[in-house]
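A.B. asks: Can you read through this structure? Questions will come right after.
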Amino acid sequence: MSVPRWLPKRARRYVSLASAALTGTALVAPQDMFANTMQRDNTHIIVIGKPTSERDPLTYLTDSESYAKNGLVTWEGNVRIWQGDHALRADKITYDRNTGVLAATGHVAIMEPDGSTTYATYMEFSHGMHDGIGTSIYMRMQDNAKLAGNGMRRTNGLINDLSHAVYTACEICAKRPDAPPFWQFQAYGATQDTQHKRIEFDHAWLKMLGLPVFYFPFFSMSDPSVKRQSGFLMAGISPHDRYLGTYFTLPYFWAIDEHQDLTVRGLVSSKTGPEVTAEYRNRFNFGTLDITAGGAYDTNRESRYTNTFGNNVNSSGEYGLQGYIFGRGEASLSKNWLVGANINLATSANYMRDYRVPGYGSEMLNSNIFLEGYGIGSYARVDAQAYQGLNQGVIQNSDLPWVLPRFTYAFQGQPDALGGRFSLNTTDFDVYRVNGVSDQRGQLQMQWDRPFHNSWGQQFLVTARLDSNIYRATRSYQQPLYYTAQGTKFTGQVLPTIAVKMNWPFLRSFAHGRGSQIFEPIVQAIAAPNTGNSSNSYMPNEDSLTYEFTDTTLFSLNRYNGTDRLDGGLRANVGVHQNWVWNGHTIDMLVGESFQEHVTHNRIPYSGLDHHLSDPVGRLRISPNQYVDVTARGRYNPWTRQLDYGEGLMSTGIPALRFTAGYIYAPVTPYYYYATNYRTNGVNTPYTVKTNEITGGVSTHWRQYHASGFFRRSLSRKQFVANGGDVGYSNDCFGLDIMYIKQYTRIGGEQRNTTVMFNFTFKTIGTFGING
């Protein structure tokens, strides 16, 4: 047998013994030494193949060996032994051929089939490397997890029982190796089940910085190498909650197979009935499915309350057997087509509030099913939508629409022979309301854009556009239109538009070439027929409930959110854009106005276009350095000498400490404009309340600590909208977050009070939370 070149000069024996040799009966010929395939070189061992069997051959490598007459074989000097997918290394190994007992001493290291490594001062094996005992055990597993014990007993090559065990996933201090880790489990005994990938502790203490903080009579966890495994997850407990009282939760996770799982959570509280929730997830080859559902017997009963409009509302019926279901799923039909659904239903908002169901605080739940298609330069979608109002005192389900269905298509072509580009968009739908207008719309928008420039540096954009809508509406006298017409009405509109926009940027340098300035006049002319007052033609309005005239829409052909209302008439828009950048400083600004030949009466009040000359709009951004950034925009009404709209955002500080502040102002609250019959009764009182809010926040981090806080306050209503904060600590193996949240949103006349959450994260174990 040839000697490998990587062996040292001194002689080494390289012999293979079959399992029969372990009982002292025979030797196996060298050509039979690798019964279970193993690849290796002089520095690494690459383990492959099936789990080790005690019948697998045992192969050893040693510096020297000696034989005694009593059948004792001694191997010394960097001894290595392989059996199947196990590998053993020690300074000295003795093997009794009569009893089949193998004993290893001195720097013992065992590489397990899962890739983990076990170290010991002494190990003794029988039946190959399947059964054995050891002292001073130290196991290094995945994710830097470590398990140690005074002694260990191995059974069947699958079960390792450790006495006086400790477990941690924290780094051990190199300068003070005897110092306790940040956290550890210290147990009377521990059992590692390598087949089922579980570690169980008996009579364990959780210690933090060496101090005991919590006692577990029994604790079970997954092996760090396991990504997902069936079993109970970390329990949760809350000492106090306004609606639940003291409550306890215990989730169970079932890994059904490699691509689907189920999590079931039970909740028991002192103030109301128990709850059970479940989440099913499935990730298959062509899509995903995620369904969360829950049910409870809610014993909380609410009394009557006064809503936003001053009406007395009764919500006492929202108790008893309650539940919810939230589901979403997607499936690819082909490389171009996708089908999916998002279903969100709940029996009541009070139930969601009482049991902390995600989504509480929203005004509505939205559900839809859809079919989407993607092509080169094109997009198509067909969907159906339904809404459920959560704030029944303000939004009634009978007032909300059913969209059955809606079709959207968008296409953008390639540049044509004239250098222009054609695009087409359509959104068609059928809207049904139990109480309110039901209508159908067919819509088509075609647009052609042709950019060009001249030798003076002027950049032009010529746009030709055609908008067309056709409607069929019933019950137009109900919300949200409140027309006087009865019966069914067929209406429509066609609006051709021609627009030319010119940008003329001028560029210069200053500050000895270290700075640059851009001065850019912008002029736009738009010609279209006057749209007039749409209420005279009884056209529905589903997507154009607000008119937005700011610096962002100054040069838009249509400033409504949708296409049920269109900007028409002869008009022009002018603006000046300037930008300065030098030595890390930035100033950017835009001011402009709009001129209208004809003023319509179709716009919502405070639109900024009530006269031939619009309110001026502007934007200013100042960033003098990397520590300060301020942006402000607004619209000023020179006739009333008031600000019709304004907002600002500021951010300042260093990376370790950052402050943010924001402000927004509008003379009304647009949300409520269509809530009541504004045509006969005028606008309602909530609509006339100003939107006047400030926000603020701060965040900081230092080494392993972090903290943040925020608030949002309505100045007009003289109350907070929300505030909260977070304080936390994290290191290589532990995370702690203490979160405070206060929301002032009222649904059903009630609001949740302050919520405090403690989240403890232990690496390789999980996250444990306490809510209150």
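The values are calculated or read from the model by the stated rules, or taken from the named source; none is laboratory data. Keep in mind that this is a model prediction, so the values were computed, not measured. Cβ placement follows ideal geometry from the backbone for every residue including glycine, while neighbour counts extend to all protein chains displayed.
A.B. asks: Kindly indicate whether any position in the stretch 350-370 is farther than 30 Å from N771 by Cβ, free of Cβ contacts under 8 Å to residues at least 60 places away in the same chain and not in a strand (DSSP E or B).
C.D. replies: No, there is no match, as no residue in the stretch 350-370 is farther than 30 Å from N771 by Cβ, free of Cβ contacts under 8 Å to residues at least 60 places away in the same chain and not in a strand (DSSP E or B).
A.B. asks: Any idea which of (1) closer than 24 Å to A666 by Cα; (2) at pLDDT 95 or above is the one N579 doesn't satisfy?
C.D. replies: (1)
A.B. asks: Let me ask you something else. Filtering the stretch 476-496 down to residues that are modelled with pLDDT of 90 or more and small (G, A, S), which residue is nearest to Y674 (Cα to Cα)?
C.D. replies: S476
A.B. asks: Kindly check whether there is at least one residue in the stretch 711-718 that is out of contact with any strand residue (DSSP E or B) (no Cβ under 8 Å at 6 or more places or on another chain) and modelled with pLDDT under 95.
C.D. replies: Yes, because at least one residue in the stretch 711-718 is out of contact with any strand residue (DSSP E or B) (no Cβ under 8 Å at 6 or more places or on another chain) and modelled with pLDDT under 95.
A.B. asks: Also, I was wondering about something else. Among strands (runs of 3 or more DSSP E) lying entirely in the stretch 668-740, which contain 3 or more residues that are loosely packed, with under 15 Cβ neighbours inside 10 Å and outside the structural domain of R603 (by TED's automatic domain parsing)?
C.D. replies: Ranges flagged: 719-730.
A.B. asks: For the stretch 445-460, does any single residue satisfy the condition of being part of a strand (DSSP E or B) and hydroxyl-bearing (S, T, Y)?
C.D. replies: no
A.B. asks: Scan the stretch 744-768 and report the pairs whose first residue is free of Cβ contacts under 8 Å to residues at least 24 places away in the same chain and whose second residue is buried (at least 18 other Cβ atoms within 10 Å of the Cβ), with Cβ atoms within less than 6 Å and a gap of 6+ or a chain change.
C.D. replies: Partner pairs satisfying both residue conditions: M757/N771.
A.B. asks: Shifting gears a bit: Can you work out which of the residues in the stretch 375-403 that are in contact with a strand residue (DSSP E or B) (Cβ under 8 Å, 6 or more places away or on another chain) and over 30 Å from T745 (Cβ atoms) is modelled with the lowest pLDDT?
C.D. replies: Ranking the qualifying residues of the stretch 375-403, first place goes to G377.
A.B. asks: Taking the condition of being of a type outside the set (F, W, Y), on the phi < 0 side of the Ramachandran plot and modelled with pLDDT under 90, how many residues in the stretch 67-87 meet it?
C.D. replies: Qualifying residue count for the region: 8.
A.B. asks: Suppose we filter I256, I237 for residues that are assigned to a strand (DSSP E or B), at pLDDT below 90 and out of contact with any Asp or Glu (no Cβ under 9 Å at 6 or more places or on another chain); which single one remains?
C.D. replies: I237
A.B. asks: Considering each residue of the stretch 154-190, count those that are within 19 Å of L211 (Cβ to Cβ), aliphatic (A, V, I, L, M) and out of contact with any strand residue (DSSP E or B) (no Cβ under 6 Å at 6 or more places or on another chain), and give that number.
C.D. replies: 3
A.B. asks: Now for a separate question. Going by the structure shown, is M221 of a type outside the set (S, T, Y), in contact with a strand residue (DSSP E or B) (Cβ under 9 Å, 6 or more places away or on another chain), in a loop (DSSP other than H, G, I, E, B) and within 24 Å of I765 (Cα to Cα)?
C.D. replies: no
A.B. asks: Are there any pairs, at least 6 apart or on different chains, whose C-beta atoms fall under 6 Å, with the first in the stretch 84-109 and assigned by TED's automatic domain parsing to the domain that holds G71 and among the basic types (K, R) and the second in a loop (DSSP other than H, G, I, E, B) and at pLDDT below 90, and if so, which?
C.D. replies: Once the first residue is assigned by TED's automatic domain parsing to the domain that holds G71 and among the basic types (K, R) and sits in the stretch 84-109, its partners that are in a loop (DSSP other than H, G, I, E, B) and at pLDDT below 90 give R97/G24; R97/G71.
A.B. asks: Scanning the stretch 273-300 for residues that are outside any strand (DSSP E or B) and touching a strand residue (DSSP E or B) at 6+ places or on another chain (Cβ under 6 Å), which turns out nearest to F248 (Cα to Cα)?
C.D. replies: Among residues in the stretch 273-300 that are outside any strand (DSSP E or B) and touching a strand residue (DSSP E or B) at 6+ places or on another chain (Cβ under 6 Å), the one nearest to F248 (Cα to Cα) is P274.
A.B. asks: Another question about this same structure. Step by step: first the residues of the stretch 388-422, then only those that are buried (at least 16 other Cβ atoms within 10 Å of the Cβ) and of a type in the set (G, A, S), then the one that is nearest to S367 (Cα to Cα). Which residue is that?
C.D. replies: Looking at the filtered set, the residue picked out is G389.
A.B. asks: Please specify each residue of the stretch 433-470 satisfying the condition of being surrounded by 15 or more Cβ atoms within 10 Å (Cβ to Cβ), over 24 Å from Y379 (Cβ atoms) and under 40 Å from the mean Cα position of the chain (by Cα).
C.D. replies: Of everything in the stretch 433-470, those that are surrounded by 15 or more Cβ atoms within 10 Å (Cβ to Cβ), over 24 Å from Y379 (Cβ atoms) and under 40 Å from the mean Cα position of the chain (by Cα) turn out to be R433, G436, V437, S438, D439.
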